[in-house]
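Asks: Dropping a structure here in structure tokens format, bear with me for questions.
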Amino acid sequence: MAGGVWGWGRGRARGGPVGALTLTALAEGIRANQGQPMRTPSKGPQPKPELEPGPQPKPGPQPEPELEPEAEPGNVVEAIPTAVQEPCSPPCAQEPAPEEPQKVPQSSWEEGALSDLALYTAACLEEAGLSGTQATALTLSSALEARGERLEDQVHALVLGLLAQVPSLAEGRPRWAALRVLSSLALEHSRDVVCALLPCSLPPDRAAAELWRSLSRNQRVNGQVLVQLLWALKGTAGPEQESLAATRALGEMLSVSGCVGATRGFYSHLLLALVTQLHELAQGPSSPNPHKVWAPSHRGPPHSHASCAVEALKALLTGDGSRMVVTCMEQAGGWRRLVGAHTHLEGVLLLASAMVAHADHHLRGLFADLLPRLRSVEDTQRLTAMAFFTGLLQSWPTTRLLREEVILERLRAWQRDPEPTVRWLGLLGLGHLALNRGKVRLVRVLLPALLGALGEGDARLVDAALGSLRRVLLQPRAPVRRLSTELGSRLPQLLDHARDSVRASAVGLLGTLVWRGRGGLRLGLRGPLRKLVLKSLVPLLLRLHDPSLDAAESSEWTLARCDQALRLGLLEEMVTVAHYDSPEALSHICHRLVQWYPSHVPSFLSQTQGYLRSPQDPLRRAAAVLIGFLVHHASPSCFNQELLDSLFQDLGQLQSDPEPAVVAAAQVSSQQVALLARVQGCRQGLRFLRRHLPHTGPVRPLPVYPDNPFQRRSLAGRWGCSRPS
């Protein structure tokens, strides 16, 4: 039987996938794993082996034994211990060596014993040269074959044995050798190595992380291992244990410099898989709290699976030279949005926009890989692909990969989807499509869908439609007159929308519309745009005090455009009110409005009355102050008794407001309304009082309001500008 085993072993060494060379590489890497007992034998006298009978070795270097080609099969195993001295023997060699290869102890097939057999090969390599190593490899293969097993079937046990030994190995050559063994195994059995290491990566294990990084440093195997991890990440639906472990392993491997180069050919697949994994994690029960306020550069809850996926994504982008993409995402809060349950798709859109700007060399591959995912039955994969597709439409060269009719038809189909998220992405896509050169002729097709979305109940759809309409206005030959007519009845309602982003977008759209149509206004255009501007002046003045900083800044910018278009000459006063809440500047603005547009005074007051019932304290106070100045500067002929009664009633209700600043402002404005009523009554029937008015001085003194406790700190001080006196 020994002769048969020997013959099989030689055949395996020549043509089989696993043989002497594979085990030789395994042996070279692990020969120093056992610490001090594995030192190189000295050239001096050696102690007598305890387990081997025979003469003492003579002093001096030992000649390397030569294996005769015609050696007896039974003598192969006996020749190996003779060539290896006791100081180099592994722990498993301290038992009597078996006389024949098939008599291997039962414990040698455990995880540690296979590593010891490989260590025995390392000893042969050091003492007996390549011939002894080949003999040992053939013996091991023969023993495994006699048991009906193959070496590739024992990769799992070998990897686990290495994983157990690495923490106890010293830094330097011993540990490096052990890690080299793992790379040798992964070169031929990458799938088996990955399957063995993945269960050890969750929960995080320091030794497993070191093994992953060692595989990443080896350029001969890192590509194969990354492919196996990619399949493990894509092979399960949802945040299962295997995909979570693969995510952590990818994070460890991609953190090694130079590893990203091995992803050539499947870079886009890996990027999309990581982003989709973040979506699945965000939908899981342990997703980050969407209401918790994170710093813009915060990657999410520490030590979470989502943070590991984000770090892997950052490493993938940075290693490819796309550091600016990572920076843009940090500045825009994109990483925080990616890990949020309700903001993940917004993060995907930000990532796509950053890649359009700074990583356009991957856009074509991403666009091609996205197309089949758009029809996926998995919601997370399909929605993530849709968001990426929408963001990549900002790239004109990328959109040329498909005919524009195909893209437009797809976006129209999304508009008919019952899912609001899909309709939202469709609106964003229409806006991006309108930005590209050559797509202006599609505006007639885009406008009905965008205008219809302004009446949607979902705030995201309204916000997306407003943004897309603003992009349409920025195009040459934009339909300003048509939009002025269509938005005349829709836009004023959106200026008071409950969502901050919608208010800011609506105000910005109005400013853009005025900016594009300012030529007609300078010529005295008496059309829908002029009516829309006059209807929006009061909301814009009050929105300067909006608690949302975006809405307040957008209102300031739009007021400047309106001042330029209407030639009011109040730009300085508007900026002063916006930054310092100056009562004198606001009084000057009200005086100009009343003087130039007296017929609009009742409309101005009626609009302001609506803000007296606002749930926001700064707006209620600002409305009360604005009513006081408008009443003070207006002529009594502009008021009727019904308007005065409604002003008295609304201001009187504010006398019981829980905010003291609102109560104080309402009291001062109520006095102005009372004085106006007195003057109006005098002019109607009390002529003798009217004769005495010129002698008693001004009947209606300028209202004086206490300082505004809600005043936002101005940023003008950063440039050395002091508060106006």
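Every number in this text was worked out from the coordinates using simple rules, so none of it is lab data. Since the structure is predicted, the reported quantities are computational estimates derived from the model, not experimental observations. Cβ placement follows ideal geometry from the backbone for every residue including glycine, while neighbour counts extend to all protein chains displayed.
Asks: Subtracting the Cα-Cα distance from 0.36 nm times the residue separation, let me have the gained length for residue 490 to residue 168 in nm, one decimal. Before the final figure, lay out the partial values.
Replies: Numbers: separation 322, 0.36 × 322 = 115.92 nm, distance 7.19 nm.
Residue separation times 0.36 nm, minus the Cα-Cα distance, leaves 108.7 nm.
Asks: Could you give the length gained by full extension between residue 613 and residue 402, i.e. 0.36 nm per residue of separation minus their alpha carbon distance, to one decimal place? Mind showing how you got there, number by number?
Replies: Working: separation 211, 0.36 × 211 = 75.96 nm, distance 5.19 nm.
Difference between extended and current length: 70.8 nm.
Asks: How far apart, in nm, are the 7 Å Cα→Cβ label points at residue 482 and residue 459?
Replies: So the two model labels end up 3.1 nm from each other.
Asks: Hey, fewest Cβ within 10 Å first, where do 407, 589 land in order?
Replies: Values: 407 21, 589 24.
With the fewest neighbours first, 407, 589 line up as 407, 589.
Asks: Output wanted: per-residue J couplings in Hz (rounded whole) for the range 309-319, from phi through Karplus 6.51 cos²θ - 1.76 cosθ + 1.60, θ = phi - 60°, x for Gly and Pro.
Replies: 5, 5, 5, 5, 5, 4, 5, 5, 6, 5, x
Asks: Rounding to the nearest 20 debye, state how big the charge dipole of the range 204-370 is about its Cα centre with +1 on each Lys and Arg Cβ and -1 on each Asp and Glu Cβ. The partial results should precede the final answer.
Replies: Numbers: 14 positive and 12 negative charges, 56 e Å.
Magnitude of the dipole: close to 260 debye.
Asks: Give the Debye-formula value of log10 I(q)/I(0) at each listed q (0.10, 0.15, 0.20 Å⁻¹), with one equal scatterer per alpha carbon of the range 204-370, two decimals each.
Replies: Rounded to two decimals, the profile gives -0.33, -0.78, -1.42.
Asks: If I model a spin label as a point 7 Å beyond the Cα along the Cα-Cβ vector, how far apart are those points for residue 187 and residue 327 in nm?
Replies: Going by the 7 Å Cα→Cβ label model, 4.1 nm.
Asks: Using 1/(1 + (r/R0)^6) with R0 = 56 angstrom and r between the beta carbons of residue 264 and residue 499, what's the FRET efficiency to the nearest 0.05? List each step's numbers first, then the result.
Replies: Details: r = 44 Å, r/R0 = 0.78.
The computed FRET efficiency comes out at 0.80.
Asks: So if I average 1/r over every pair of distinct C-alpha atoms in the range 461-559 and take the inverse, what Kirkwood radius in Å does that give?
Replies: Details: mean 1/r = 0.0750 Å⁻¹.
Taking every pair of different Cα atoms in the range 461-559, averaging 1/r and inverting gives 13.3 Å.
Asks: Still on this structure, please answer the following. Under 13 Å from the Cβ of residue 620, count the other residues' Cβ atoms, weight Lys and Arg +1, Asp and Glu -1, and hand me the total.
Replies: Values: positive: 613, 621; negative: 546, 617, 650, 657, 659.
Once positives and negatives cancel, what remains is -3.
Asks: Further, regarding this structure: Among 388, 604, 710, rank each residue by its count of other Cβ atoms within 10 Å, from fewest to most, as a rough exposure measure. Write down the numbers at each step before the final one.
Replies: Values: 388 26, 604 23, 710 17.
Lowest to highest Cβ neighbour count: 710, 604, 388.
Asks: What is the order of 234, 314, fewest Cβ neighbours within 10 Å to most? Don't skip to the answer; put the middle values down first.
Replies: Working: 234 17, 314 22.
Going from sparsest to densest Cβ surroundings: 234, 314.
Asks: Apply the Debye scattering formula to the range 376-429, with a single equal point scatterer on each alpha-carbon and no solvent, then give log10 I(q)/I(0) at q = 0.13, 0.21, 0.23 Å⁻¹.
Replies: -0.30, -0.77, -0.91
Asks: Using 1/(1 + (r/R0)^6) with R0 = 30 angstrom and r between the beta carbons of residue 362 and residue 219, what's the FRET efficiency to the nearest 0.05?
Replies: On the way: r = 21 Å, r/R0 = 0.71.
Computed FRET efficiency for residue 362 and residue 219 comes out at 0.90.
Asks: Just to be sure I understand the model, the point goes 7 Å from the Cα along the line to the Cβ. What's the resulting residue 413 to residue 606 distance in nm?
Replies: Going from the residue 413 label point to the residue 606 one covers 4.9 nm.
Asks: Could you work out how much longer the chain between residue 304 and residue 595 gets when fully extended? Use 0.36 nm per residue separation minus the Cα distance between them, nm to one decimal.
Replies: Roughly 98.5 nm would be gained on extension.
Asks: May I pose another question? Would you compute the Debye intensity of the range 523-672 from its alpha-carbon atoms alone, equal scatterers and no solvent, and pass along log10 I(q)/I(0) at q = 0.13, 0.15 Å⁻¹ to two decimals?
Replies: Log10 of I(q)/I(0), two decimals: -0.56, -0.75.
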